[in-house]
Amino acid sequence: MPYGADSGPRPNRRAPCAVTLWSPHRAYDKYRPTKPADPGKAFGSGDGIHVLGREGCAAKEPRVARWLKDFKLTEAQLTALEGAIEDADKGHQEEGVRAWLKENPGIVDKLAPVAGTRWPGNAT
């Protein structure tokens, strides 16, 4: 069972509760919990997406290297993507990604622009 699978709010309970979550976390998209103010950054600034490549990759594939360097998702986009993947049936996570892409039109073209092309999932 995935971590946190049984810790979601119960539909008939409205009592406040406190949970410890990392950020980003799919629960922020699904349940919309309130983050407490953290002006001193005691909890840090959140996680990030890191890219690794083999030596010489950027020189051999500069366009792909630029895409990876410029790859950015907002916390809301990332938590929604995580949720879509987790909500997909086991073995069908790709379908969750495709559903998320349909809800975020233009994102593929923004993250990996190829002149004269358009990702088919963006067609209306």
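The table that follows gives values for the structure above.
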item	result
Output for region 55-87, where each listed residue is of a type in the set (A, V, I, L, M), more than 20 Å from the chain's Cα centre (by Cα) and loosely packed, with under 13 Cβ neighbours inside 10 Å	Ala59
Selected residue (criterion: nearest to Val108 (Cα to Cα)) from residues of region 16-37 that are in a loop (DSSP other than H, G, I, E, B) and among the basic types (Lys, Arg)	Arg26
Number of positions in region 6-17 that are in contact with a Pro (Cβ under 9 Å, 6 or more places away or on another chain) and modelled with pLDDT of 75 or more	1
When residues of region 64-102 are limited to those that are of a type outside the set (D, E, K, R) and outside any helix (DSSP H, G or I), the one farthest from Arg54 (Cα to Cα)	Ala88
Pair list, Cβ under 6 Å, 6 or more apart: region 16-27 residue closer than 21 Å to Lys41 by Cβ, other residue part of a helix (DSSP H, G or I) and modelled with pLDDT of 80 or more	Leu21/Ala27; Pro24/Glu75; Pro24/Leu78; Pro24/Thr79
Test: Lys110 is modelled with pLDDT of 90 or more, out of contact with any Cys (no Cβ under 6 Å at 6 or more places or on another chain) and charged (D, E, K, R)	no
Any pair with Cβ under 7 angstrom, 6 or more apart, that starts in region 48-74 at a residue that is touching a residue at least 40 places away in the same chain (Cβ under 8 Å) and ends at one that is part of a loop (DSSP other than H, G, I, E, B)	Trp67/Ala112; Phe71/Ile49; Phe71/Val51
Conditions (1) at pLDDT 85 or above; (2) in a loop (DSSP other than H, G, I, E, B); (3) closer than 30 Å to Pro113 by Cβ; number of the one not met by Gly40	(3)
Only one of Ala58, Ala76, Ala65 that is touching a Lys or Arg at 6+ places or on another chain (Cβ under 9 Å) and of a type outside the set (Ser, Thr, Tyr)	Ala58
Exclusive hit being under 21 Å from Ser23 (Cα atoms) and either polar (S, T, N, Q) or assigned to a loop (DSSP other than H, G, I, E, B) (or both), set Val51, Val114	Val51
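For (1) in contact (Cβ under 8 Å) with a residue 12 or more places away in the chain; (2) within 30 Å of Thr20 (Cα to Cα); (3) hydroxyl-bearing (Ser, Thr, Tyr), each residue gets a yes or a no:
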{"residue": "Ala76", "(1), (2), (3)": "yes, yes, no"}
{"residue": "Ala84", "(1), (2), (3)": "yes, yes, no"}
{"residue": "Gln93", "(1), (2), (3)": "no, yes, no"}
{"residue": "Gly96", "(1), (2), (3)": "yes, yes, no"}
{"residue": "Lys110", "(1), (2), (3)": "no, no, no"}
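The values are calculated or read from the model by the stated rules, or taken from the named source; none is laboratory data. Just so we're clear, the structure is a prediction, and the values are computed from it rather than from any experiment. Counting neighbours? That spans all protein chains shown, and the Cβs are built from the backbone with ideal geometry, glycine included.
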